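Once you've had a glance at the structure underneath, I'll fire off some questions.
The values are calculated or read from the model by the stated rules, or taken from the named source; none is laboratory data. These figures come from a predicted structure and were not determined experimentally. Reconstructed Cβ throughout: ideal geometry from the backbone, glycine too, with neighbour counts over all protein chains shown.
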2 protein chains.
Amino acid sequence: MSTIVPVILCGGSGTRLWPRSRASKPKPFLPLIGEQTLFEATQTRCMGRDDFAPPVVVTGRQHLTHVEEQLVDAAAQVIVEPQARNTAAAIALAALRLPADAVMLVCPSDHHIGNCAAFTVAALGAAALAHDGWLVAFGIQAAAPETGFGYIRQGEPLGDAGFKVSRFVEKPDLATAQVFLAEGGYHWNGGIFAFSAGVFLTELEKYRPQIAAAAREAVERGTAEGNRFHPDAEAFAGIESESVDYAVMENTTRAAMVHADMAWSDIGNWQALHAALDCDEAGNAHDGRVELVDCTNVLVTSDGPRVSVIGASDLIIVVDGDEVLVTTTDGAQKVGKLHGAVNQ
Amino acid sequence: MSTIVPVILCGGSGTRLWPRSRASKPKPFLPLIGEQTLFEATQTRCMGRDDFAPPVVVTGRQHLTHVEEQLVDAAAQVIVEPQARNTAAAIALAALRLPADAVMLVCPSDHHIGNCAAFTVAALGAAALAHDGWLVAFGIQAAAPETGFGYIRQGEPLGDAGFKVSRFVEKPDLATAQVFLAEGGYHWNGGIFAFSAGVFLTELEKYRPQIAAAAREAVERGTAEGNRFHPDAEAFAGIESESVDYAVMENTTRAAMVHADMAWSDIGNWQALHAALDCDEAGNAHDGRVELVDCTNVLVTSDGPRVSVIGASDLIIVVDGDEVLVTTTDGAQKVGKLHGAVNQ
């Protein structure tokens, strides 16, 4: 079967992990869990097997320094987007730089996957389906009625490797999410996909010809510089900003899914990070110089000052440079709207 | 009647307002409430009336720089203790430097008094009783069954100005404090006293002749240097360390008290400071760059970094240099036992 080319998307910034994550050094480039940064861990997950080729990293100019500092495989290719145009355009650029029969394994660079072996199993299953012409989404076992994710409804089986997609569902309200969870057969859309470059481009041309044409022009008029590739800025500027879900996955008749029960988290906010970390018996997790007295379910992270906490429950404390954030677990959803997060 | 000489005790340090209060700059010298430091406010309360002479400040060598920087009245006298020997010795030094008929108004330097007019009324009443040979304690209206204060039981009236003391009670347990509050007639001992220098020394000689003799020797062999006075270190070192309550007030038959309903607080911990501050409608108080979202009864103070808080209730957050403290209101009692507070 074809080689699997990891396509790692290092695009957006986001504000929900402020103040640790900042516009100048966003989430993918931080060691939020363990020693590696999320971007480094994403690369490492897709290495060490003959099936995996060196990755293609798609990023923006403002993140290029971080990307190149944290590249694990010197043979990685880096596509430098002149500006952010969402995932359909980013994936199109990578597809146009690859052979038509290459299987792309599209991975966000800022997710955490606790069970790498399960990831590999899912990736190989997805690649097999992709080789047969399917556009494959990773369906994450839904563990709670989350309203922050899109859902994938599982259809009929495709052999042992996966299933047809019955339908994609945009982020539901709570009642709908609860129904999904009760009914079963619905999975979180983790934003991880596998498809061959040629099939993806065919489907993109069918459903979003403007994006496909502009991306093709940007690549044809682009310039290579060592392992970097710079798409043409003018052509790229004309591309419509749209997600791959919306542009392709929800339209194609060839959508498939694999089960991926791999301790996945998008680390979408501080509460999600806390849940993904190893905690002590009282549910506490911390780094740095920290003293906890009578605390339960507390997360403390500090880049310098000692943090002393007494009597707190369900609290998150972040000290980063000139910013201190203290939020209840429930309040973590609102971090992105703080003045400090908005006016970076 | 006699002139009132404020005797301001600037002795101890304490750990319960760590990390804002540090061994190197303790509580009296911090602007915890309003623009003035507690020491400055203590001086200011005892000024602006002909009745009040310039104060005598008793402090230790380690605090002398802060004291002299914050002296409000250039005519103040400063007695520099070679080491800390508790309040009986400190007051004895001041008494020995004053005329026998001077009325001493002994004030801790680290308390907050919200109603200065009520303080003045109480001080004048106490001074009148002191002039008549009474040793007068300020009895603070007990507002709660506090176990952190000594209590004074009110005895028979002494004219309009005050009452005899029926007895002094050391810090009670909660059940006893609740009985006191229910019974009435018990007041908190705020550590503020008035007596004439001569009467105080007579009583001290009667009940603690060793302290009186050693203090007298320390003063006789001491040296003046401008407005500073240095008691003899060797003689002072021999003084027993004892509180004025224990050495004199609980023994004398001439103990009296005045009512002092003056919005007093010893600001004994962060909870007490929060209670003494002006708060907004939700019970929040803060200084510095602070953003509060969905917070109630939260105190935030920062010496620099911005502090953003979401969803917290009954929480105290202190940012000071290389230390961050987060404690529940109830947990504030335990601040003094934190590693950072103990190992200053």
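Considering only segment A:110-143, state which residues are without any contact (Cβ under 8 Å) to a residue 40 or more places away in the chain and either outside any helix (DSSP H, G or I) or charged (D, E, K, R) (or both).
A:132, A:143
Looking at B:287, B:280, B:303, B:294, which is the one that is more than 21 Å from residue A:19 (Cβ to Cβ) and surrounded by fewer than 20 Cβ atoms within 10 Å (Cβ to Cβ)? Reasoning before the result, please.
Details: B:287 fails: more than 21 Å from residue A:19 (Cβ to Cβ); B:303 fails: more than 21 Å from residue A:19 (Cβ to Cβ); B:294 fails: more than 21 Å from residue A:19 (Cβ to Cβ).
From the options B:287, B:280, B:303, B:294, the qualifying one is B:280.
When you scan segment A:248-344 for strands (runs of 3 or more DSSP E) that lie fully inside it, which ones turn up with 3 or more residues that are more than 22 Å from residue B:301 (Cα to Cα), more than 9 Å from chain B (Cβ to nearest Cβ) and modelled with pLDDT of 95 or more? Spell out how you get there, then give the answer.
Working: elements: A:255-260, A:290-293, A:296-302, A:306-310, A:313-320, A:323-328.
In segment A:248-344, the matching strands (runs of 3 or more DSSP E) lie at A:255-260.
Within segment A:184-197, does at least one residue satisfy the condition of being without any contact (Cβ under 8 Å) to a residue 40 or more places away in the chain, on the phi < 0 side of the Ramachandran plot and surrounded by fewer than 17 Cβ atoms within 10 Å (Cβ to Cβ)?
No, because not a single residue in segment A:184-197 is without any contact (Cβ under 8 Å) to a residue 40 or more places away in the chain, on the phi < 0 side of the Ramachandran plot and surrounded by fewer than 17 Cβ atoms within 10 Å (Cβ to Cβ).
Of A:155, A:185, A:191, A:150, which residue is closer than 30 Å to residue A:132 by Cβ and in contact with a Ser or Thr (Cβ under 6 Å, 6 or more places away or on another chain)?
A:155 is the lone residue from the list that is closer than 30 Å to residue A:132 by Cβ and in contact with a Ser or Thr (Cβ under 6 Å, 6 or more places away or on another chain).
Can you say whether residue A:149 is assigned to a loop (DSSP other than H, G, I, E, B), aromatic (Phe, Trp, Tyr) and at negative phi, as far as the supplied structure shows?
So residue A:149 passes the test.
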